[in-house]
Amino acid sequence: VRSELPILYVNVVPVRTDASGKVIEVALLLRADEGMMSRALVAGRVLFHETIRDALVRNLEKDLGLAALPRIPLSPTPFAIAEYFPTEGFGTFHDARQHAVALSYVVAIDGECEPSQNALDIVWITAEEAATDDVAAEMAGGQHVLLRHALAHCGVLPL
């Protein structure tokens, strides 16, 4: 199926906020794919008969651990839709395995995070640092574009 049809995913930018709701930190995962280390957003498939809300919770727990305590948005409306193509250079986002469409969310995290599943580490950085070219250089598949879009959506960067 992966070679014939786009697969539905969720992308999540985990954040910590202050009391007024302002984004102060962003979590990025450290992953090793095909011998290369990169920073990544939380991402995963939406399973058959799974709601978007349930997919967000499951994928956040999978990557950040059960004690992350995510605050899932009240509305399942994403801030962006990212379309990943298997052909590099075809679009902004690239995934060599498949054509995927990802609904993208910013989710506040209240608990403690521990890397699990495929994540080797989780690093919390300031929202301003997350927008730098140094961080963008450490991200693969165009996810740095999505990260900057998320920061703009939250008012950290100008639109």
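Report the charge-dipole magnitude of the range 25-159 in Debye, nearest 20, computed about the Cα centre from +1 at each Lys and Arg Cβ and -1 at each Asp and Glu Cβ.
For the range 25-159, the charge dipole is close to 460 debye.
Quick one: ranking 62, 22 by accessible area, 1.4 Å probe, largest first, what do you get?
Reading off the accessible areas and sorting them downward yields 22, 62.
Express the accessible area of the chain per residue in Å², computed with a 1.4 Å probe while the remaining protein chains stay in the model.
For the chain, the solvent-accessible area averages 55 Å² per residue.
Order 110, 121 by their accessible area, 1.4 angstrom probe, all chains in place, largest first.
From most accessible down to least: 110, 121.
At q = 0.09, 0.14 Å⁻¹, what log₁₀ I(q)/I(0) does the range 1-124 have when each alpha carbon counts as one equal point scatterer in the Debye sum?
Debye output, listed in q order: -0.25, -0.62.
Please work out the ratio of the alpha-carbon Rg of the range 81-159 to 2.2 N^0.38 Å and round it to two decimals.
For the range 81-159, the normalised Cα radius of gyration comes out at 1.19.
Given a 1.4 angstrom probe, I'd like the percentage of the accessible area of the range 20-158 that is carbon and sulfur, rounded to a whole number.
Percent of accessible area from carbon and sulfur atoms in the range 20-158: 55.
At R0 = 30 Å, how high is the FRET efficiency between residue 36 and residue 81 if r is their beta carbon distance? Nearest 0.05 is fine.
0.70
In terms of solvent-accessible area of protein heavy atoms at a 1.4 angstrom probe, what is the ranking of 128, 61, 112, highest value first? Intermediate values should be presented prior to the final figure.
Values: 128 115, 61 70, 112 135 Å².
From most exposed to least exposed: 112, 128, 61.
The values are calculated or read from the model by the stated rules, or taken from the named source; none is laboratory data. The structure presented is a predicted model; accordingly, all values stated were derived computationally and were not measured. Glycine also receives a Cβ, built like all others from the backbone with ideal geometry; neighbour counts cover every protein chain displayed. When the accessible area is computed, the model is the full protein with side chains, heavy atoms only, and any ligands, DNA or RNA have been set aside. Shrake-Rupley method; radii C 1.70, N 1.55, O 1.52, S 1.80 Å.
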